[in-house]
1. Looking at THR52, THR48, which one is touching a Leu at 6+ places or on another chain (Cβ under 7 Å), of a type in the set (Ser, Thr, Tyr) and surrounded by fewer than 18 Cβ atoms within 10 Å (Cβ to Cβ)?
2. Which condition breaks for ILE97 when tested against (1) on the phi > 0 side of the Ramachandran plot; (2) open to solvent by 50 Å² or more (accessible area, probe 1.4 Å)?
3. For the stretch 66-87, name all the residues that are assigned to a strand (DSSP E or B) and either more than 25 Å from ASP30 (Cβ to Cβ) or more than 16 Å from the chain's Cα centre (by Cα) (or both).
4. Take the residues in the stretch 32-45 that are loosely packed, with under 14 Cβ neighbours inside 10 Å and among the small types (Gly, Ala, Ser); name whichever of them is farthest from TRP88 (Cα to Cα).
5. On the given criteria, is THR52 in contact with a Lys or Arg (Cβ under 8 Å, 6 or more places away or on another chain) and either farther than 18 Å from GLN21 by Cα or free of Cβ contacts under 8 Å to residues at least 40 places away in the same chain (or both)?
6. Out of the residues in the stretch 1-31 meeting the condition of being of a type in the set (Asp, Glu) and surrounded by fewer than 11 Cβ atoms within 10 Å (Cβ to Cβ), tell me which one is farthest from the chain's Cα centre (by Cα).
7. Considering every residue within the stretch 64-85, establish whether at least one is β-branched (Val, Ile, Thr), open to solvent by 20 Å² or more (accessible area, probe 1.4 Å), modelled with pLDDT of 95 or more and farther than 23 Å from ASN5 by Cβ.
Amino acid sequence: DKEMNFEVSQNVTGLEKGVYQLKANIQGGDSDGAIMLLCAETSEGTFTEKFTLAGWQNWQTPMISSIPVNDGNVKVSVKILNAPGGAWGSIDDFELIKK
């Protein structure tokens with residue numbers, strides 16, 4: 001019942017140089033006022049896509065379509081900020097795909 005702030009992340013290494021696309025599937029609710037971001041961090045910068053939750057099993061698929069990777073490394077994450085107490089949801093099926 002308290003406000004939540006958290007990040008889930010994974011460092012992906014050994015990627016070929018190129019441009020990548022990142023997407024994830026997200027569902028949940030009771031998150032009014034929360035800031036929710038799908039993120040990709042590379043040596044070229046941080047790339048984000050905002051998303052919202054739309055209810056039970058109403059999956060959203062935020063996507064970042066152009067992520068430059070020059071050194072083979074990407075930090076993939078979801079950041080949830082200022083989520084009210086009682087907010088809920090799940091995150092599944094991340095995909096990082098070379099275009």
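1. Working: THR52 fails: touching a Leu at 6+ places or on another chain (Cβ under 7 Å).
Unique residue meeting the criteria: THR48.
2. Of everything listed in (1) on the phi > 0 side of the Ramachandran plot; (2) open to solvent by 50 Å² or more (accessible area, probe 1.4 Å), ILE97 misses just condition (1).
3. SER66, ILE67, PRO68, VAL69, VAL74, LYS75, VAL76, listed by residue number.
4. Only one residue tops the list, namely SER43.
5. Numbers: in contact with a Lys or Arg (Cβ under 8 Å, 6 or more places away or on another chain): no; either farther than 18 Å from GLN21 by Cα or free of Cβ contacts under 8 Å to residues at least 40 places away in the same chain (or both): yes.
So THR52 fails the test.
6. Step one: of the stretch 1-31, the residues of a type in the set (Asp, Glu) are 1, 3, 7, 16, 30.
Then keep just the ones that are surrounded by fewer than 11 Cβ atoms within 10 Å (Cβ to Cβ); that gives 1, 16.
Working: ASP1: 24, GLU16: 21 Å.
Of everything passing the filter in the stretch 1-31, ASP1 is farthest from the chain's Cα centre (by Cα).
7. Of the residues in the stretch 64-85, the ones β-branched (Val, Ile, Thr) are 64, 67, 69, 74, 76, 78, 80.
Going one step further and asking which of them are open to solvent by 20 Å² or more (accessible area, probe 1.4 Å), we end up with none.
So far as the stretch 64-85 goes, no, none of its residues is β-branched (Val, Ile, Thr), open to solvent by 20 Å² or more (accessible area, probe 1.4 Å), modelled with pLDDT of 95 or more and farther than 23 Å from ASN5 by Cβ.
The values are calculated or read from the model by the stated rules, or taken from the named source; none is laboratory data. None of these values were measured; they are calculated from a predicted model. FYI the Cβ positions are ideal-geometry reconstructions off the backbone, even for glycines, and counts take in every protein chain you see. Areas reflect the complete protein model, heavy atoms only, side chains present, ligands, DNA and RNA absent. Shrake-Rupley method; radii C 1.70, N 1.55, O 1.52, S 1.80 Å.
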